[in-house]
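These notes are about the structure you will find just below.
The values are calculated or read from the model by the stated rules, or taken from the named source; none is laboratory data. As the structure is a prediction and not an experimental result, all values here were calculated from the model. Quick reminder, even Gly has a Cβ in these numbers, built from the backbone with ideal geometry, and neighbours come from all protein chains shown. These area figures cover heavy atoms from the full protein model, side chains too; ligands, DNA and RNA do not enter into them. Shrake-Rupley method; radii C 1.70, N 1.55, O 1.52, S 1.80 Å.
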Amino acid sequence: MSGAEFAVIALAVFLASCMQASIGFGMGMLAAPVVALVDPSLLPGTLIMTATVVTVMVVWREREALDLTGTGWALAGRVPGTIAGAVLLVVLPERGLSLLLAGVVLSGVVFATLGWAPPQRRRNLAVAGAASGLLGTATSIGGPPMALVMQGSKGAQLRGNMSAFFLVGSTLSVAVLAATGSVHRESAVMFALLAPVTVLGYVASRFVNRHLDASRLRGTSIAVSCVGALMLIGQQLL
């Protein structure tokens, strides 16, 4: 990988880390299309590991606002979803994985734009957890399903609860991916190089949370994610 390519990935991870720490999700949604364009071999392992770093810091920062009612049901769904995602990753060719990733991003954009908010019932939480596990393990983008059912929470509680779910879920995904051989040496090396960038993104989020309206950040991130997904589709089809 050239220095320029690493710089592009590092910038994407920095911005995505800032987004995740500010609104509770979006690490994969924003960074995954960029990483897939530059070096698809890093997906999903490297991004899941970097997202875990962010979730640890956000859970600690928002620990007083945590309200984990219902999270257990979401995690119960995450387990079978994670296994299904690992299987999907093994059977899908690289092109199919890239197109799936782009499709997940665009679907997340549509749902976020429409503002659909299913109630936080046990069944919805379990289904969202399963979908998050499948998509998060296969593509590193597990945020949209959980964001849909948890968007009734606000501010610190939303960030904390989402991060607590993703901390457990991402750890499970990394373990399953490692067992299937989908986390390799290059993934681990790149994770080590990107970890400081991830921490800087988290630090930047503290400034963003004080000075930037969350809805504007979310809108900008959605637009960037959409452009990245469309570029990825164009690359694969052309």
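Take the solvent-accessible surface of the protein heavy atoms, probe 1.4 Å, and return the percent of it on the chain that carbon and sulfur atoms account for. The C+S portion of the solvent-accessible surface of the chain is 69 percent.
Computed over Cα pairs, the Kirkwood radius of the chain leads via Stokes-Einstein (1.002 mPa s, 20 °C) to a diffusion coefficient of 125 µm² per second. Give me the number: length gained by fully extending R122 to E94, i.e. 0.36 nm times residue separation minus the C-alpha to C-alpha distance, one decimal in nm. Full extension from R122 to E94 adds 6.6 nm.
If Lys and Arg each add +1 and Asp and Glu each add -1, what is the summed charge of the other residues whose beta carbon sits under 12 Å from the beta carbon of A21? List each step's numbers first, then the result.
On the way: positive: R61, R159, R206; negative: E62.
Every neighbour counted, the sum reads +2.
Can you give the log10 of the normalised intensity I(q)/I(0) at q = 0.16 Å⁻¹, computed with Debye over equal Cα scatterers of the stretch 1-94? Values, matching the q order: -0.80. Using 1/(1 + (r/R0)^6) with R0 = 35 angstrom and r between the beta carbons of V189 and D67, what's the FRET efficiency to the nearest 0.05? The computed FRET efficiency comes out at 0.40. Across the chain, the mean sequence separation of Cα contacts (distance under 8 Å, 6 or more residues apart), normalised by length, yields a relative contact order of 37 percent. Using just its DSSP H runs of length 4 or more, each adding -39500 (n - 2.57), the chain gives a mean residue ellipticity at 222 nm of -28000 deg cm²/dmol after division by all residues. The residues of the chain present an accessible area of 44 Å² per residue when probed at 1.4 Å with all protein chains retained.
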